[in-house]
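Participant: Have a look at the structure that comes next, please.
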Amino acid sequence: MTKHVIIIGAGIAGLTAAWRLKCARDAGADLDFQVLESSGRVGGQLWTDQRDGLIADGGSDSYLTAKPSLKRLATELGIAGEICGTNEDNKGTYLVKRGKLVELPDGIMLFAPTKILPMATTRLYSWPAKFRMLGDLIKPRKKQPESGPVDESIASLVTRRLGRECLTRLAEPLVGGVNGSDVETMSTLATYPQLLEMEQEFGSLVRGFLAQRKRNEAQAKAHPHKPGAPRWTFFSSFEGGMQSITDALAEGIGRERITCKARVTALSRDEDGRYLLTVSGPEGDKHPRGDCHGEYQLSADAVISAAPAWASAEMLEGLAPQITRNLEEIPFSSCATIVLGFNEADAPFKKNWHGVLSPDIEKQPVTGISLISSKWSGRAPKGTIVLRGFVGGARDPEALDFSDQELIEITRESFIHLLRLSQAAKPTYARVFRFPRSMPQYTVGHLDRMAQLDGLLANECGLALAGAAYRGVGVPNCLESGEEAAAKVLDDLGFTSHSQDDDTHVIAASEPQSEAPDQARSGIEEEA
C-alpha cells in the first residue's frame, strides 16, 4: 500500500525533505507526499526580489562555501553552474565606535587578534583592552571534566579569556548581533564549540587562532589560485540570489505538490494510528471534511514538520505534549532587512567594503549594513548602489513595530549618519522583508535539550522535525536537517534510506542569519 507523507513548511528544510522523498520514490519506494505552507510563498527565509536589473536578498544572502552539502544539492538540481563567490576586491569590514566607522584590523580571526602591529595601532580597542586581550596567552585554561566541556555563554567565555571590551566591541556584534542572539545566554557548545576545543588544546584562544592562521596560509601556498580559475571565497551565493535553490527545489519536486496558505493547527492520530492533520486555509471548501471557515483534515502515514519550533510546538500539543514542552524552551527573536537602492552620485563614500556592524553599546537602530552592490557582482544596474540594513534581533525586539515606511526612513537616516550618504538621497528601490519569530536562540544547554528531543522523537514513529531551531542556523545546516528528517521517516515507514555525506551531521551553527564580515569569520568556518 502506498505510504503518504506530509511535509509542513516550504522553506529550505521542508523542500529538501520533499526532494529526498521524491528521490526515494523515483528509486522505487511506494510513497507519495505533499507540502503544506502557511504563507503565500515558497522559500521560507530565502527570499530574493528581482526588479529592473536589481537583485536583493531579504533573508540569508550567502552560505559557507566550506560546507559541501549545498553545492551537492545544487548539482543534483542542475544549478551548480550558477554558484558565485563574493567580490574579493571589496572586502573591507567596519565597526561602529562612538558613531564613527573603524576598520576591522588585519589579523582578527573571529574576534581574536593574530597580528601584533594592526592590533597595536587600531582605534577599535583601548590600550587597557589590548593588554587584557594579550593576557589570554598566559591565563590558565579552564579545567573541564573528562566527559567533555561544560557549556557556557559566549559572553562568559570571551570575557574570561579576552576581556569585557573585546566582548562589547567585536564579539557581541559579530557573534550575537549577526545571529540575532543575546551573547549573555548564547550557548558556546551549540554555536562555536571550536572555541572551547581551542582553549583545551592550546591553552589560549589567541594561540589557537594563530595555529589556524598558519594552517590557512600553508594551504593557500600549497594550492595557489590559478589564473582564470574561479576564485574560492569564504561565502557563496547564486547569481540570481539565494532563492534560486528553493525555486529549483520547488520545480524539482513539482509545484503542484505544494499548497500555500495552508496552516496546520493540530496533529493527532485516527483510530488506525495514522496522523490526522487539522488544516486551516482556502482549500477547505474542496475537502469533504472541510467546514465553512476553511478548516479541513488530512491524513498521513508520516509527518515532517519544518515549521518554526514554536509553530511545531503548538500543533503537537495534543499529540506529543513532552515534545511541545521541549520545543517551547527554544526562544526566538524577530528581525527585518531593509534593502535600499540609490543613485551612485548620492553615495560619495568609498565602496571597497562588504559590511558594517554596530555593537549594542552604540544603540544604533540599524545593527548591520551590507553593501550588496560591492559584495556581489551583477546585483545592481550601472550607476546604482544597493545597501541592506538589518534591524531587530534579541537586542531590539520592538523594531518590527514600525511600519515599512518608517523602517525605510530609519534605515536611510542611518546610512546618512554612518556612511555619509547624501542628505537629499531618495531611494530608487526600497523593500522591507519581515521575519517575525524567525531567529532561534541557542541558549546555554541547547545541545542537552536537543539530545532529549531526539529521544522523544525516536519514540514517535513517522514523525520528524527539521529547520534552523535544532542543530544549525545556516542554509546548509537547514537543508541537512531536511535530509535527516526524510531519512527518519523513510526508515520508520520501512523503506531503505541512504545517508548523505558525513557533513549532514554537523552540529556547529556558525553561519550567520544576517550580515557578517568575511575576514572576521575566516578563522572559524573551516572547521564548522
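Participant: Restricting the first residue to the range 78-89 and requiring it to be part of a helix (DSSP H, G or I), which pairs with a second residue that is open to solvent by less than 60 Å² (accessible area, probe 1.4 Å) meet a Cβ separation below 8 Å and a spacing of at least six or different chains?
Facilitator: A80/A74; E82/A74; E82/F238; E82/G240; E82/S244
Participant: Within the range 68-90, which residues are of a type in the set (S, T, Y) and either farther than 25 Å from S374 by Cα or open to solvent by 30 Å² or more (accessible area, probe 1.4 Å) (or both)?
Facilitator: Residues satisfying the conditions are S69, T75.
Participant: Could you check V475 against (1) at pLDDT 95 or above; (2) more than 23 Å from the chain's Cα centre (by Cα) and say which number it fails?
Facilitator: The number of the failed condition is (2).
Participant: I'm checking my understanding of the structure. Among residues of the range 90-106 that are without any contact (Cβ under 8 Å) to a residue 40 or more places away in the chain and not charged (D, E, K, R), which one is nearest to G355 (Cα to Cα)?
Facilitator: Among those residues, the one meeting the criterion is V102.
Participant: Here's another thing I want to ask about it. Here are the criteria: (1) within 25 Å of the chain's Cα centre (by Cα); (2) open to solvent by less than 60 Å² (accessible area, probe 1.4 Å). Tell me which single one D270 does not satisfy.
Facilitator: Unmet condition: (1).
Participant: Please determine, by comparing only the residues of the range 214-247 that are in contact (Cβ under 8 Å) with a residue 12 or more places away in the chain and among the aliphatic types (A, V, I, L, M), which one is farthest from D61 (Cα to Cα).
Facilitator: I245
Participant: Ok, one more. Exactly one condition in (1) open to solvent by less than 50 Å² (accessible area, probe 1.4 Å); (2) more than 20 Å from A56 (Cα to Cα) is not met by F402; state its number.
Facilitator: Checking F402 against (1) open to solvent by less than 50 Å² (accessible area, probe 1.4 Å); (2) more than 20 Å from A56 (Cα to Cα), the one that fails is (1).
Participant: In addition: So, in the range 183-212, how many residues would count as being open to solvent by 20 Å² or more (accessible area, probe 1.4 Å) and closer than 20 Å to G474 by Cα?
Facilitator: Adding up the residues that qualify gives 3.
Participant: Is it true that G180 is surrounded by fewer than 21 Cβ atoms within 10 Å (Cβ to Cβ) and part of a loop (DSSP other than H, G, I, E, B)?
Facilitator: Here the answer is no, as G180 does not meet what is asked.
Participant: Out of the residues in the range 229-263 that are assigned to a helix (DSSP H, G or I) and of a type in the set (S, T, Y), state the one that is most open to solvent (accessible area, probe 1.4 Å).
Facilitator: Restricting to residues being assigned to a helix (DSSP H, G or I) and of a type in the set (S, T, Y), the top hit is S244.
Participant: Is there a residue in the range 216-228 that is in a helix (DSSP H, G or I), open to solvent by less than 60 Å² (accessible area, probe 1.4 Å), among the charged types (D, E, K, R) and out of contact with any His (no Cβ under 6 Å at 6 or more places or on another chain)?
Facilitator: Checking the range 216-228: not a single residue is in a helix (DSSP H, G or I), open to solvent by less than 60 Å² (accessible area, probe 1.4 Å), among the charged types (D, E, K, R) and out of contact with any His (no Cβ under 6 Å at 6 or more places or on another chain).
Participant: Moving to a separate point now. Quick one: count up the residues across the range 442-464 that are open to solvent by 20 Å² or more (accessible area, probe 1.4 Å) and either closer than 25 Å to E37 by Cβ or in contact (Cβ under 8 Å) with a residue 12 or more places away in the chain (or both).
Facilitator: 9
Participant: Looking only at the range 33-92, which residues are under 21 Å from A306 (Cα atoms), among the aliphatic types (A, V, I, L, M) and touching a strand residue (DSSP E or B) at 6+ places or on another chain (Cβ under 7 Å)?
Facilitator: Hits for the range 33-92 are V35, L36, V42, L70, A74.
Participant: Out of the residues in the range 91-149 that are polar (S, T, N, Q) and in a loop (DSSP other than H, G, I, E, B), state the one that is surrounded by the fewest Cβ atoms within 10 Å (Cβ to Cβ).
Facilitator: Initial filter on the range 91-149 (polar (S, T, N, Q)): 93, 114, 121-122, 126, 144, 147.
Those still in the list that are in a loop (DSSP other than H, G, I, E, B) too: 114, 122, 126, 144, 147.
Values: T114: 20, T122: 18, S126: 11, Q144: 12, S147: 6.
Filtering the range 91-149 for residues that are polar (S, T, N, Q) and in a loop (DSSP other than H, G, I, E, B), the one surrounded by the fewest Cβ atoms within 10 Å (Cβ to Cβ) comes out as S147.
Participant: Then there is this: Hey, could you check the range 347-361 for residues that are open to solvent by 40 Å² or more (accessible area, probe 1.4 Å) and not aliphatic (A, V, I, L, M) and say which is nearest to S422 (Cα to Cα)?
Facilitator: Looking at the filtered set, the residue picked out is P348.
Participant: Quickly run through the range 296-338 and pick out the residues that are part of a helix (DSSP H, G or I) and over 22 Å from the mean Cα position of the chain (by Cα). Outline the logic, then answer.
Facilitator: Step one: of the range 296-338, the residues part of a helix (DSSP H, G or I) are 309-316, 321-328.
Scanning the range 296-338 gives E314, M315, L316, P321, Q322, I323, T324, R325.
Participant: List, please: which pairs have Cβ atoms under 6 Å, are six or more places apart or on different chains, and start with a residue in the range 348-370 that is touching a residue at least 60 places away in the same chain (Cβ under 8 Å) and end with one that is acidic (D, E)?
Facilitator: So the pair list comes out as G355/E515; P359/E172; D360/E172; G368/E515; S370/E515.
The values are calculated or read from the model by the stated rules, or taken from the named source; none is laboratory data. Here the structure is a predicted model, which means the values were calculated and not measured. Don't worry about glycine lacking a Cβ; one is built from the backbone with ideal geometry, like all the others, and counts go over all protein chains shown. Areas reflect the complete protein model, heavy atoms only, side chains present, ligands, DNA and RNA absent. Shrake-Rupley method; radii C 1.70, N 1.55, O 1.52, S 1.80 Å.
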